[in-house]
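Report on the structure given below.
Just so it is clear, none of the values below were taken in a lab; they were calculated from the coordinates. The structure presented is a predicted model; accordingly, all values stated were derived computationally and were not measured. Cβ coordinates were reconstructed from backbone atoms using ideal geometry, including for glycine residues, and neighbour counts include every protein chain displayed.
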Amino acid sequence: MRRRGGVVLGGADGVVFVADSQRSMSRINNEFWHGMRAYLTDNSIDPDAIPIVIQFNKRDLPDIRTEEEIEEVRRRGTEPVYTAVAIRGEGVLETLRGLLTLVLKDMNTRYDFEAVFRYRQGVLRGLVGERPADEDANQSAARELTVSTSVLDDSFSLAELLDVEGFRECAELQRALRHRHQGV
């Protein structure tokens with residue numbers, strides 16, 4: 001199990017710890033929680049620094065922890081706690097969104113991605129002929145010279161996916177750029 005955990009967790013940017021909501025699984029959940037933290041440490045990942053969310057799954061089964069018990073777990077820990085019935089898709093996207101939000105905040109703290117995304121959005125605007133109000137023609141031309149055509153094939157960022165309006169704006173700019181590039 002340690003070996004498999006290392007392969008899965010090595011290089012991870014965040015972790016969803018899925019716990020079984022059944023009371024009879026409490027001891028096993030606890031063992032896996034401590035095991036996960038050990039796996040992270042074994043793979044040179046600080047378990048106190050990596051974004052982690054907890055999901056209590058199988059909420060549709062008998063003898064599960066009550067909402068009050070789940071709330072107690074929330075109060076005791078620092079990790080966000082979600083509930084789910086994964087087999088029906090309930091709570092799965094909320095858990096993923098919670099983790100992605102934490103991962104993006106963590107990565108932005110480390111790499112200042114917001115500045116990169118603002119720059120990328122500005123590059124896309126420049127390529128379709130738009131120019132930021134505070135940029136003169138020389139700055140715009142210099143910026144466009146540094147842009148490679150790989151922007152055309154670039155996939156959308158997680159931040160853009162979480163920000164629906166930003167996603168739509170970037171999608172429209174990329175479509176306009178593709179049409180311009182194809183002569184449409």
Counting only residues that are in contact with a Gly (Cβ under 8 Å, 6 or more places away or on another chain), within 17 Å of residue 33 (Cα to Cα) and not in a strand (DSSP E or B), the stretch 62-92 contains a total of 1
Could you list, in sequence order, all residues of the stretch 56-87 that are among the acidic types (Asp, Glu) and over 23 Å from the mean Cα position of the chain (by Cα)?
-> 60, 63, 67, 68, 69, 71, 72
Scan of the stretch 40-99 for residues that are touching a residue at least 60 places away in the same chain (Cβ under 8 Å) and of a type in the set (D, E, K, R), ordered by number | 79, 97
